[in-house]
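Below is one structure, written out as structure tokens, with a few remarks after it.
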Amino acid sequence: MLSIGVPTYNRPKNLLRAIKSVQQQTFQNWELIISDDKSNGIENIDYLTELLNSDNRIRVFFQTENIGVKENYFFVLKKAKGEYFTWLSDDDYYHSDDYLQALMHKITEGYDFVFPKLNKIIKTQNGYKQLKNRDLQLSIKKRYSSHLQLIIRGYLGYQVMYGLFNIQILKNSIHLFLNQKDPDEGALTHFCLAKYNWFMVENVYYIKDMTDAHLFRSPFLVSLKEKFNHLISVINTIYTIENYSFSKRILLIFLFLFRIIYIILYLIVFKSRNFK
């Protein structure tokens, strides 16, 4: 069985879109674990209460106090009963009805985790806009070069974080996510890419809605602070990866620093053009 964890907070409309994309899947052997982090409005509560009565595969938990993003992600993982696990952000969704079927087919071949391709979208004043995505060809047989590609040309954090994991592998690695002051998927994904047996599944897409992402809605200095905290966490993780030689680790760190600078400059330009 596959466990799907959905941490949610104050996003009833987007949450509905996310859940519908799960219910429409051709693969049906799943459980959906939703944890509401004490949302402010009654709309979320009413909708989730109704869900409980509509599908016995759906379990809903209402936090009595706000536990924060990091702990809410961990909460749904702890409640999972399946052999496999994936997170689904409450403002994202699956592109096609065979999304889960394709990932499950591949992970049952013996991989520790598999992940899809990624499409990023954002809602601007002129409607939804697709952000730049790059077509990557990755292979575990070329682990290091694939790792480099993901840093240089892709957005590896969301792409891997919302992949499908053998649940025990994820539980053994989750400390890399929980130990951070500002939760970020970077350290966890770099560690898993370097250590475990993975596969990128072609022709299935996770749709990442960036509209409410911190980097787009936060003031620039706040975004910069978050990026700096992310930077320190990822550098520490990469530096301790034993699978790669010292020179390979240094190159990864250098390219990651370059990527961070690129993202910061991109944010400056994007915000000036789309959020005047």
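Every number here is computed from the coordinates shown, using simple stated rules; none is lab data. Quick caveat, the model's predicted, so the values are computed rather than measured. Here the Cβ is made from the backbone with ideal geometry for all residues, glycine too, and neighbour counts use every protein chain on show.
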Where does each of 14-25, 249-260, 92-103 land if you order them by average Cβ count within 10 Å, highest first? 92-103, 14-25, 249-260
Under a plain spin-label model, where a point goes 7 Å from the Cα along Cα-to-Cβ, how far apart in nm are residue 121 and residue 17? 0.5
Quick check: residue separation of residue 145 and residue 79 times 0.36 nm, minus the Cα distance between them. What number comes out in nm? 20.2 nm
Please compare each pair in 38/208; 79/208; 38/79; 13/117; 171/195 to a cut-off of 20 Å on the Cα-Cα distance and tell me which ones are over it. 38/208; 79/208; 13/117
Take the Cβ-Cβ distance between residue 205 and residue 240 as r, set R0 to 41 Å, and report the resulting FRET efficiency rounded to the nearest 0.05. 0.80
